[in-house]
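Q: Can you keep this structure in mind? I'll have questions shortly.
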Amino acid sequence: MTFLRHAAHSLAAFVLMLAACATTNAPLPPDTRLLTDAGFKTLPATTAQQEQHLRSLPPSTLTEWQQTGKHYYVYPDVAANKLYVGTPKEYQAYLALRTKNGLANPAPTNATTADMQSYLKQDAAMQKADALAAQVPPWAIWPDFANLGWIP
């Protein structure tokens, strides 16, 4: 009986170790402190539409986004109910900070493009379901990012 108990404990420890190893290879979400240090601005979600849109963005992922013809990177912080927004300049600063801190950088465009396509698909479905959202494009529910005080 003691042998079976020890075997069960050993098996449980082995399974926990495998689970820990499996999760360490998963990409970690961006460190919001690094985003802020890189110059990303934060916008609180203050309307129901903004909150809904924030929840629809790919979680724990920096996503490329175009608004009024300009390129931005956005990161949804659903728990804090805010959106981090950066230009390509802030994104490059963020990547440099990750490198400086010994963190791996996210894969360049393929993952981001796939995430954006997934977002666009989800967004299209949400717009069909919500007549009001169908009248207002998603980028229009947030203030113009260009007015966040970027320094040229």
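Q: Give me the distance in nm between label points sitting 7 Å out from Cα along the Cα-to-Cβ direction at Asn147 and Leu103, one decimal.
A: A separation of 3.1 nm, rounded to one decimal place.
Q: Sticking with this structure for a sec: Just to be sure I understand the model, the point goes 7 Å from the Cα along the line to the Cβ. What's the resulting Thr42 to Ala140 distance in nm?
A: Label at Thr42, label at Ala140, 2.9 nm between them.
Q: Whose amide H sits under 5 Å from the amide H of Thr87, counting only residues 5 or more places off or on another chain, with H placed in the peptide plane?
A: Correct list: Tyr73.
Q: If you don't mind, there's one more thing I want to ask. Can you give the three extents of the C-alpha atoms in segment 42-101 along their principal axes, from longest to shortest, in whole Å?
A: Here the Cα extents, ordered largest to smallest, are 37, 28, 17 Å.
Every read-out reported here was derived from the displayed coordinates using simple, explicitly stated rules and does not represent laboratory data. In this text the structure is predicted, and so the values were computed from the model without any measurement. Note that we place each Cβ from the backbone using ideal geometry, even for glycine, and neighbour counts take in every protein chain shown.
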